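Colleague: Below is the structure I would like to discuss, written out as structure tokens.
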């Protein structure tokens with residue numbers, strides 16, 4: 001379907017979904033450059049800090065069990081938009097936690113509402129993609145990366161200016177809420193599927209699909225762990241281990257997500273040319289080599305290059321996993337996305353405390369070996385991704 005024949009409301013919905021992805025990335029990334037100050041204010045050890053961040057995926061694990069049901073009842077548009085509002089509020093609470101345990105609680109709540117935003121905005125994006133009749137999924141994830149770059153830059157700027165954390169939460173939170181309110185009227189209306197019934201019992205997952213879904217969840221988890229490491233540990237590694245200033249340390253996540261952004265804006269063409277499997281293998285091989293060299297020869301410039309290689313390397317991994325899981329035959333609406341996302345967050349539940357414990361026992365440099373290890377594991381498991389992306393079939397136009 002050419003751009004000229006795509007209805008206006010579908011094109012507007014595409015940009016509204018892109019704005020949802022941007023919001024999600026910007027909200028989370030703006031907090032990361034302030035982690036050193038939050039950690040210092042609360043007197044947190046690396047172990048407690050990692051354990052507190054691990055509670056976040058725990059919130060996602062618990063909340064994620066109702067994601068598909070809520071989407072069938074309220075629709076992906078409403079779930080994504082309202083969950084994003086709660087995420088913005090809880091992110092401000094994370095920055096201004098008065099005690100270590102409240103910090104852990106607010107991280108938990110932020111992730112609990114993030115799982116609804118994540119799954120619902122992906123479901124709505126795939127609904128828009130069907131109306132387009134071609135692949136646009138990588139571009140949605142690219143806008144998440146753009147949002148993360150913007151949020152990271154804002155957080156680094158605020159850190160460099162030593163802006164008080166309450167002002168950070170109020171100023172940037174107001175901008176994010178304004179964007180959220182303005183995009184809602186452009187999202188697609190009506191149920192995600194015509195025969196959706198929120199009162200119908202959930203269909204069971206066929207036994208033969210469990211292992212492919214688990215494997216896809218692992219691929220997504222290893223790919224997304226690069227984002228997680230960039231968000232959680234990049235500023236601390238650059239500041240505490242390499243001696244970078246707070247403003248420079250805050251740029252670590254920008255290099256990870258900035259390179260990922262480039263990879264995602266070009267990702268649809270790369271996947272069309274190589275297929276999901278070979279695109280993942282190529283990217284994650286580059287990520288393994290780049291991050292491995294950065295840890296072997298530590299310096300601020302080489303670390304930035306290593307972060308960039310890792311971010312570019314995993315650019316197409318999570319979009320490919322989500323699209324594959326959502327299109328699996330024999331699954332009820334939203335179940336594939338919810339299951340893969342749940343498995344992804346279970347891996348995140350293990351990752352931060354593991355890195356934090358390794359950092360306390362050895363050093364953060366040793367702990368960050370998990371990054372090239374994760375990209376190598378994606379290479380090994382990439383066979384579960386399709387070799388060549390199947391063409392997307394255009395769906396009938398949704399009514400307004």
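Colleague: In a helix (DSSP H, G or I) and surrounded by fewer than 16 Cβ atoms within 10 Å (Cβ to Cβ): which single residue out of 185, 189 fits that description?
Modeller: 185
Colleague: Yes or no: residue 219 surrounded by 24 or more Cβ atoms within 10 Å (Cβ to Cβ) and either under 18 Å from the mean Cα position of the chain (by Cα) or modelled with pLDDT of 90 or more (or both)?
Modeller: Here the answer is yes, as residue 219 does meet what is asked.
Colleague: Which condition number does residue 100 fail, the rest of (1) surrounded by fewer than 24 Cβ atoms within 10 Å (Cβ to Cβ); (2) at pLDDT 90 or above; (3) within 19 Å of the chain's Cα centre (by Cα) being met?
Modeller: Status for residue 100: all satisfied but (3).
Colleague: Let me ask something else about it. Determine, yes or no, whether residue 156 is more than 24 Å from residue 322 (Cβ to Cβ), part of a loop (DSSP other than H, G, I, E, B) and modelled with pLDDT of 85 or more.
Modeller: No; evaluated as a whole, the condition is false for this residue.
Colleague: Please identify the pairs in which a residue from the stretch 217-245 that is without any contact (Cβ under 8 Å) to a residue 60 or more places away in the chain has its Cβ atom under 7 Å from the Cβ atom of a residue that is part of a helix (DSSP H, G or I), counting only partners at least 6 apart or on another chain.
Modeller: Final answer for the pair search is 244/238; 244/300.
Colleague: A further question follows. So which pairs qualify, if the first residue must be in the stretch 371-387 and modelled with pLDDT of 90 or more, the second must be surrounded by fewer than 20 Cβ atoms within 10 Å (Cβ to Cβ), the Cβ gap must be under 7 Å, and the two must be at least 6 apart or on different chains?
Modeller: 372/292; 379/281; 379/285
The values are calculated or read from the model by the stated rules, or taken from the named source; none is laboratory data. What you see is a predicted model; the values in this text were computed from it and never measured. Quick reminder, even Gly has a Cβ in these numbers, built from the backbone with ideal geometry, and neighbours come from all protein chains shown.
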